[in-house]
1. Under 8 Å by Cβ, and 6 or more places apart or on different chains, what pairs join a residue from segment 202-231 that is under 24 Å from Arg111 (Cβ atoms) and free of Cβ contacts under 8 Å to residues at least 60 places away in the same chain with one that is among the aliphatic types (A, V, I, L, M) and near the ligand (Cβ under 8 Å from one of its atoms)?
2. Could you please find all residues in segment 100-119 being over 14 Å from Ile70 (Cβ atoms) and basic (Lys, Arg)?
3. Look at segment 251-285 and say how many of its residues are more than 16 Å from the ligand (Cβ to nearest atom), touching a strand residue (DSSP E or B) at 6+ places or on another chain (Cβ under 7 Å) and of a type outside the set (S, T, N, Q).
4. Could you please find all residues in segment 229-243 being of a type outside the set (Val, Ile, Thr) and within 11 Å of the ligand (Cβ to nearest atom)?
5. Please list, ordered by residue number, the helices (runs of 4 or more DSSP H) wholly in segment 236-305 having 3 or more residues that are under 18 Å from Gly324 (Cα atoms).
6. Would you mind stating whether Arg295 is farther than 30 Å from Ala55 by Cα and either of a type in the set (Ser, Thr, Tyr) or surrounded by fewer than 21 Cβ atoms within 10 Å (Cβ to Cβ) (or both)?
7. Thr302 passes all but one of (1) within 15 Å of the ligand (Cβ to nearest atom); (2) touching a strand residue (DSSP E or B) at 6+ places or on another chain (Cβ under 9 Å); (3) of a type in the set (S, T, N, Q); which number fails?
8. Conditions: (1) acidic (Asp, Glu); (2) closer than 30 Å to Lys165 by Cβ; (3) at pLDDT 95 or above; (4) more than 14 Å from the ligand (Cβ to nearest atom). Asp198 meets all but one. Number of the miss?
Amino acid sequence: MNRRKFIQLGALTAPLLSARKSFADSFDQSTKPIVISTWDSGMPVNAEAWKILSANGTALDAVEAGARHIENEINCCVGLGGYPDRDGIVTLDSCIMDHQANCGAVAGIERIKHPVSVARKVMENTPHVILVGAGAQQFAVENGFVLEPEALSESAKKAYADWLKKSEYKPVINIENMPVDNRIKKQNGPFAPHFFEDGTANHDTMGLVAMDVTGNLSGAVTTSGMAFKLHGRVGDSPIIGAGLFVDNEIGAATSSGTGEEVIRICGTHLVVEFMRQGYSPEKACRKAVERIVNRDKEKAKTLQVGFLAMNKKGEYGAYAIQKGFVYSVKSDNENMIHTSKYLI
Ligand code: SD4
């Protein structure tokens, strides 16, 4: 190789090499392990996931443990303590996804305390991804899950009785009237219930994403879904690519809010694709929110959707249609609730 060619080659490869180096550098500095989750109720969920992450456990085990923790919480509206559907029946949706794109989900499952663990069993023990309704319940029982009583929690009973007075089929979701600061203050108690005195909050979805010490990502979602929905209605939460998506090369995202709007744009898949294009987690979430809002600005004023995402460096961010979406973060560096930016 003559000298001129060598210099030319050097000029061409130098930027490449430095780009590589800066990627490697930033990866080395990545925050891991880390877990992020929707809402202020994500704080105790993160704490549970952290027990596993900080002991060098897997992101998959961590997200399952986090989701199980809130499913246990009878005073929260995620699991069996959540609001029922229009017919007074609590039906639960959940999914889980790991770093190898393995995934499992259950939708409309009744009387099972830990749908996230059933979802994991679907992922690990069947060739399928989603089981629904009676079939999901049958599978759960066959796998040793106990059928819980049909009873509604006290708070759900009251909310349902109130709703029945008008029986208006107008499911409105997640538009918080309680100032975010008050909610963050509330979190200083042992557990922040999601039924607020003014009855305004009915957010009922826990979505969480974790990265373990090895840098692998996983996510899980668990919910009782939109309050007073039609019996049989399935939201975004158990749908891979809508309520949750994980791509171990790029990042992961989850969502909360009006599930139909998230499904229409394959929301979390879209967020991850925006991150693939180089957008930060927050920008990627914003672009997905814009996709919903730009189609119908008037309708968007009546909706809430929040996306929450993490990239491969452990950077995270969120964006919502409206004010009020908050999320919780736990890593070696922090343990706190963040408020999401919003579009409208
Ligand atoms: C649903 N996305 O069933 C869920 C509801 C939700 O906070 O996120 N509530 O559409």
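The values are calculated or read from the model by the stated rules, or taken from the named source; none is laboratory data. Just so we're clear, the structure is a prediction, and the values are computed from it rather than from any experiment. Glycine gets a Cβ as well: all are built from the backbone with ideal geometry, and neighbour counts include every protein chain shown.
1. Met226/Ile173
2. Within segment 100-119, Arg111 is the sole residue that qualifies.
3. Number satisfying all stated conditions: 7.
4. Lys229, Arg233, Gly235, Asp236, Ser237, Pro238, Ala242, Gly243
5. 259-264, 281-295
6. Here the answer is yes, as Arg295 does meet what is asked.
7. (2)
8. Condition (3) is where Asp198 drops out.
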